[in-house]
Amino acid sequence: MTTPVSLGRILGYLGLAVLGAVVALAGALVQDAWPPGGLLLSLAGCAALFYGGWAATGSRIGVAVPAAFWLVCVVLLSTTRPEGDFLFAAGASSYLYLLGGALLAVICATVPYLTSSGANRA
């Protein structure tokens, strides 16, 4: 680990975790609302969160923290309740949101980032 652990860094990661949960909930509500614009808006929110986490922290942990919380929240939101309530209906839009968001997290975490001088910033 090249950066020291500080209170500000910990609070930043906690903020990214909360944003991951918020983006998961917002995406669950919007992805099926205005086809296909809602799905694209939901995926754009995921991409912005994951890339923004990397840009804000300068490390891949900045992608992993919101992505993990996003994934946990999406899985919890996709389960049905005893009353029969659910947020994700069985359909192409829901599956594309689930798979597309996970794919965006993997892309943001594994693509090498270059600085303005062209050097690799892993």
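Tabulated data
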read-out	value
Test for Leu14: is it without any contact (Cβ under 8 Å) to a residue 12 or more places away in the chain, out of contact with any helix residue (DSSP H, G or I) (no Cβ under 7 Å at 6 or more places or on another chain) and over 30 Å from Ala92 (Cβ atoms)	yes
Cross-chain or 6+ apart pairs with Cβ under 9 Å, segment 63-86 first and crowded, with 18+ Cβ neighbours inside 10 Å, then aromatic (Phe, Trp, Tyr) and not in a helix (DSSP H, G or I)	Val74/Phe88
Enumeration of residues in segment 46-81 that are over 8 Å from the mean Cα position of the chain (by Cα) and of a type in the set (Phe, Trp, Tyr)	Tyr51, Trp54
Wholly within segment 6-88, helices (runs of 4 or more DSSP H) carrying at least 1 residues that are among the basic types (Lys, Arg)	7-30
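No lab work stands behind these numbers, since they all come straight from the coordinates. Because the structure is predicted, anything quoted here is derived from the model rather than measured. With ideal geometry, Cβ positions are generated from the backbone for all residues, glycine too; neighbour counts draw on all protein chains shown.
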